[in-house]
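Working notes, beginning with the structure itself.
Throughout, read-outs are computed from the coordinates displayed, never taken from laboratory work. Predicted, not measured: the structure shown is a model, and the values here were computed from it. Here the Cβ positions follow ideal geometry from the backbone for every residue, glycine too, while neighbour counts run over all protein chains shown.
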Amino acid sequence: MGRLDGKAALITGIGGGMGREAALRFAAEGARVAGCDLNAEALEETVRLVREAGGEIVGSAPVDAGDGDAVAGWIDDAASALGGLDILYNNASIQRFGPIDELPVEDWDFAIRMELSIVFYAVRAAWKHLKRSGGVIVNIGSIAGTRGVEFMPQNAHGAAKAGVINLTQQLAVEGGPHGIRAVCISPGFIETPATRFLVEDPPPPLKATWDRIPLRRVGQPADVVSAAVFLASDEASWITGVNLVVDGGGSVLG
Ligand SMILES: NC(=O)c1ccc[n+]([C@@H]2O[C@H](COP(=O)([O-])OP(=O)(O)OC[C@H]3O[C@@H](n4cnc5c(N)ncnc54)[C@H](O)[C@@H]3O)[C@@H](O)[C@H]2O)c1
């Protein structure tokens, strides 16, 4: 028996790293999965892998989850294809980095849209479905949402992820009376296609933080998705509004 048996799960950004892992694992745990991505080729590969493993999945691409109308259309279509919506997993995001006095205003606006508004758009569209099911929202924040770092000028990224963490708390409050739960997972450094360039050639300040991680390794997509399976499942039915940090213990260091 799977831990997500009978659940209809919508996941954004299934073409890459943690989104692909989430599609595979949620389907393996018995969920009926619908996923979207900007990248049609990457999404098709995930769909193939899920089906090959015996899972149930509907894929849609290209869908830009950072476009409110596009994501609302996808959510309604996906909920109708799956016969409901129990889990909304807001995984997709695109970052923009630059020193505060050099970051173009367009990059700031882009990052806020692609990392924070992207969550609002999906939740807004999914709310009516989640009210019917008493469903759960899983948001992906970041440890960047609660602190600064030296190795990268991540002003827009950090501010947007702080917004995701706070929005999750507010969604828990607004959703509670409807039986809707909202949780956030804040990963530390995870090896994915988006971060592989840093793994291959880590800047010294980043390498120094890795060397101090109590569990002595960087994260893998499965580390985050395992937490998501638990939080999305009925095992977590009295957990809402939390921000679960998954970082090998790195953020407990002073
Ligand atoms: N990798 C890390 O170290 C790390 C750390 C903390 C938080 N995160 C967060 O985890 C999540 C997943 O990150 P990842 O490293 O797996 O990224 P990734 O780039 O490897 O994969 C993201 C996927 O989402 C898709 N996507 C991006 N924007 C989209 C949009 N607007 N509409 C539809 N699809 C879109 C991409 O095409 C890609 O397939 C992100 O929210 C990221 O901010 C990552």
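With contacts taken as Cα pairs under 8 Å and at least 6 residues apart, the chain reaches a relative contact order of 18 percent. If one computes the Cα centroid of region 69-88 and of region 112-138, what distance in Å separates the two points? Cα centroid of region 69-88 versus Cα centroid of region 112-138: 10 Å apart. Which residue, THR168, THR146, THR12, has the most motion in a Gaussian network model of the chain that connects Cα atoms within less than 10 Å? In the Gaussian network model the winner is THR146. As a ratio to 2.2 N^0.38 Å, the alpha-carbon radius of gyration for region 8-238 is 0.98. Two tests apply to each whole DSSP H helix in the chain, Cα reach of 27 Å or more along its axis and mean Kyte-Doolittle hydropathy of at least -0.5, and the ones passing both are 155-175.
About the centre of its Cα atoms, the chain shows a dipole size close to 780 debye [charges on the beta carbon of Lys, Arg (+1) and Asp, Glu (-1) only; nearest 20 debye]. Taken along the Cα-to-beta-carbon direction at a fixed 7 Å, the label points for PHE151 and MET1 span 4.3 nm. Among ASP201, ASP69, ASP211, the largest mean-square fluctuation in a Gaussian network model of the chain, built with springs joining Cα atoms closer than 10 Å, belongs to ASP201. Charge tally for ALA92 (other residues, Cβ to Cβ under 11 Å; Lys, Arg +1; Asp, Glu -1): -3.
Using the Cβ of THR146 as centre and a radius below 15 Å, the other residues enclosed give a net charge of 0, where K and R count +1 and D and E count -1.
Taking every DSSP helix (H) stretch of at least 4 residues in the chain, weighting each as -39,500 (n - 2.57) and dividing the sum by the residue count yields a mean residue ellipticity at 222 nm of -13500 deg cm²/dmol. Seen through its C-alpha gyration tensor, with square-root eigenvalues sorted a ≥ b ≥ c, region 1-135 comes out prolate because a/c lies at 1.5 or above while a/b is bigger than b/c. With K and R counted +1 and D and E -1, the other residues having a Cβ less than 14 Å from that of ASP64 yield a net charge of -3. Identify which of LEU231, LEU88, LEU206 has the largest mean-square fluctuation in a Gaussian network model of the chain, with springs joining Cα atoms closer than 10 Å. With Cα springs under 10 Å in the chain, the top fluctuation among LEU231, LEU88, LEU206 is at LEU206. A cut-off of 5 Å between modelled amide H atoms, ignoring neighbours fewer than 5 places along the same chain, links ASN90 with VAL138, ASN139, ILE140. Any idea which of PRO203, GLY158, VAL224 is furthest toward the positive side of the dipole for region 8-238, if Lys and Arg beta-carbons carry +1 and Asp and Glu beta-carbons -1? The residue sitting most towards the positive pole is VAL224.
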